[in-house]
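Report on the structure given below.
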Amino acid sequence: MLKLTNGLGRKADQARQKLLCYILDSQLKAGDRLPTQDQLRLKLLLGTETIANAIHALAEEGILEVRNKVGIFVRRHEPGELVARLIGIGLSMVQGSPYNSMLIYYLQSELQKQSCRAMLFCNYGSEDATIHSFPGLDYALKHGQLSGFITTERLALNDWQQLETTGVQVCYCGHSGGFPLTVTTAVTDYTLAALRDIRRLGLSRPEAIFPEMRYFEQARQRDPFASAFLRAVGMEYRPLAGEQLVNHYLRQAVRPDALIFYDDTTTADFCCQLVRCHADWHPVIFALRNRQIPLLLPVDNVFFYELDIEEVAASIVGLLLAKIRNPALSPVQISVPIRAEKPYP
């Protein structure tokens with residue numbers, strides 16, 4: 001199993017990162033002498049035991065050398081050896097997307113914990129993203145500013161290869177794999193869990209709002225029950241939203257008794273529009289939301305499933321840094337689970 005952490009406790013790891021930043025900010029090179037342990041403790045505002053553990057950890061990694069009665073020295077400081085690297089983050093700036101906003105926050109937080117700096121590159125509307133879709137990325141690559149790149153956009157294979165030929169490791173975060181380093185969210189598992197609950201509740205007319213159809217194909221392949229159930233009820237896909245979607249259903253003589261949503265803002269928009277219409281129609285709602293943004297809805301009969309954005313960010317950063325430290329690392333795909341908010345009765 002891939003180990004993505006250094007095995008230190010949180011406090012000791014933060015002290016280690018502080019000491020690394022001090023070495024980098026002071027531009028110390030191999031053979032240079034550091035201040036005494038007590039001086040470092042005062043400079044970094046750390047306890048005696050904490051700074052001692054940080055020095056010991058870096059000595060074990062071969063970065064520092066402690067010479068008895070002589071002092072503390074930088075033993076090895078090769079480019080990329082210390083973790084204070086600049087990591088690019090490429091995101092599609094969808095207006096009003098709480099997921100993207102929170103993902104940026106937690107990615108920056110996780111990178112900071114690892115003494116890395118973050119540079120944001122935004123795609124403002126290009127559907128088929130390329131390197132050129134992110135203003136400033138070309139310049140950063142040509143000037144060797146980046147050590148790694150995190151993207152939520154599915155880049156073409158030649159763009160991926162171009163990044164790697166410049167020495168930049170890439171990690172893709174999205175709903176599907178296919179790239180050497182990928183962190184996905186278990187949307188297919190969410191679909192299967194929602195379908196099982198729909199069956200358990202005795203519902204027979206479910207419809208899905210805004211999923212990508214491959215999730216249903218994957219569900220059919222993985223679960224014989226899901227395959228039979230989907231054929232039996234004829235689940236439909238509705239590429240609509242908000243007031244348009246509510247009006248569509250209110251015109252129907254027979255309406256769905258369950259709706260599966262894959263986006264929290266779409267869910268909230270639909271439910272608010274439904275309340276505004278004073279409709280005598282109360283479908284069971286299956287909603288996927290972000291754990292860090294506990295969406296509340298103005299309707300009953302809602303089953304929530306949650307995605308932990310902090311877990312997504314930690315997986316991305318851990319995987320990318322593992323690849324940077326070991327470029328020979330084999331392709332890895334991590335799937336972040338989507339969990340039910342609470343067991344259903």
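Would you mind checking 43/142; 142/323; 69/323; 11/142 for any pair whose Cα atoms are more than 30 angstrom apart?
Check vs 30 Å cut-off fails for 43/142; 69/323; 11/142.
Over all directions, average the projected area of the Cα convex hull of the range 136-202 and note it in nm².
It is 5.5 nm².
Read the figures in this text as sums done on the coordinates, not as results from a lab. Predicted model, so just to flag it, every value in this text is computed and none were measured.
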